[in-house]
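The values are calculated or read from the model by the stated rules, or taken from the named source; none is laboratory data. Here the structure is a predicted model, which is why all the values come from computation and not from measurement. Here Cβ is always computed from backbone atoms with ideal geometry, including for glycine, and neighbour counts include all displayed protein chains. Side chains are part of the model used for accessible areas, which takes the heavy atoms of the whole protein and leaves out ligands, DNA and RNA. Shrake-Rupley method; radii C 1.70, N 1.55, O 1.52, S 1.80 Å.
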Amino acid sequence: MRSAGHDPTQVILDKIISPTEGLVEGRQTILAGTNNYLGLTFDPACIEAGVSAIRSQGTGTTGSRMANGSFSAHGALEQELADFFGVAYGMVFSTGYAANLGTLVALLKPGDAVLLDADAHASLYDGCQMSGADIYRFRHNDVGSLEKRLQRLGDRTADCLIITEGLYSVLGDCAPLAEIVVLKKRYGALLLVDEAHSLGVYGDRGCGVAEAQGVMQDVDFFVGTFSKSLGAMGGFCVSPHVELELIRYVSRPFIFTASSSPSIIASTHEALRQIKTRPELKQSLWRNARRLYQGLQALGFETGPEVSPVVAVRLGGKETALRFWNRLLESGVYTNLMIPPASPDQHSYIRCSVSAAHTEQQVERIIAAFGEANRP
């Protein structure tokens, strides 16, 4: 990495100028890899909500939810998230990673069966492994592969949890949730969907891919994060099942982690309100996503299978991808380098995360930078 130029694990943003610009080594740089899908990190109302919470409640809780760290705002946000998804119960965690870990280690036990999409996020894998459950992977977004594994389980499907993401964060493709729900019902399994990258992006209300595909009522557990469209840090799980409340008593990542600071809870609450009341944010996001996807395809790049706010370009080996990523950064465009084993296959990728805050000119500059980086 050092011989190729910059180390992608140690890029320092000297200054954040806006949701879409920063200074890297004194160079004004377009931020095209931040997951800031709705651009709310600099929203005045979100900032003011956070500042007001700090002034009135201090900088942190200094304790876990079961000690001294459960404030009224935590409970209010849990209920608001549950209402947003149309279910009765919700939990808030300190990070999205902890939400997946804390939910799965509580839901699953040794002897249970879990069917996990092969491209699922590391936190989903880690939660399943820590639980001691028997893990059976099925091929990415392959309903036929999922059914074969369900058939092999026989009577164990009654204790089976199917896990999938809504929008996958490397290739930008969506899970076939409507088809997965058919199998879930047929075999009597339960379903957990991680809407981390699809919250605020898909569905009429912004609930995610399950809403967009009309199957929200068939999902048993929704998990997600505040660090993408909501522009903060934290995670959640919501469910129609009252048993979710029992997770508070057995989930170690929930019990033994300090709760989110008042400012994070307040800004997240305001960001959720923005998702509900500002549909133009999602419209701008999708306009930018379509333009970037089509622009890169027109240059001859191999992109993900569908248009989404995650736009990935498949490149050759690690060295080729690293050189390409360095060229983009040196031209003033920050992206994400995805190489094995972090990528879902043996290929390397450059990933862009489009934002509603990107201007038309910035999107065109990103496209042009890819064209320039591809020259011999």
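Numbers at a glance
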item: Matching residues in region 212-230 - criterion: being free of Cβ contacts under 8 Å to residues at least 60 places away in the same chain and surrounded by 24 or more Cβ atoms within 10 Å (Cβ to Cβ); result: V219
item: Scope region 231-248; condition open to solvent by less than 10 Å² (accessible area, probe 1.4 Å), closer than 16 Å to G96 by Cβ and of a type outside the set (A, V, I, L, M, F, W, C); matching residues; result: G234, G235
item: Breaking point among (1) closer than 17 Å to F85 by Cβ; (2) of a type in the set (A, V, I, L, M, F, W, C); (3) not in a strand (DSSP E or B), for L191; result: (3)
item: Unmet requirement for G154, which otherwise passes all of (1) at pLDDT 95 or above; (2) farther than 28 Å from S355 by Cβ; result: (1)
item: Residue under evaluation E179, criteria (1) under 21 Å from the mean Cα position of the chain (by Cα); (2) open to solvent by 10 Å² or more (accessible area, probe 1.4 Å); (3) within 15 Å of T164 (Cα to Cα), criterion not met; result: (1)
item: Residue in region 296-303 that is buried (at least 19 other Cβ atoms within 10 Å of the Cβ), in contact with a Cys (Cβ under 8 Å, 6 or more places away or on another chain) and either small (G, A, S) or in contact (Cβ under 8 Å) with a residue 24 or more places away in the chain (or both) present; result: no
item: Selection within region 78-104 - buried (at least 20 other Cβ atoms within 10 Å of the Cβ), of a type in the set (S, T, N, Q) and not in a helix (DSSP H, G or I); result: S94
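So that you can scan it fast, the table gives a plain yes or no per residue for (1) under 30 Å from M338 (Cβ atoms); (2) buried (at least 16 other Cβ atoms within 10 Å of the Cβ); (3) touching a Pro at 6+ places or on another chain (Cβ under 7 Å); (4) not hydroxyl-bearing (S, T, Y):
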position	(1), (2), (3), (4)
T29	yes, yes, no, no
A45	no, no, no, yes
Q57	no, yes, yes, yes
A67	no, no, no, yes
S70	no, yes, no, no
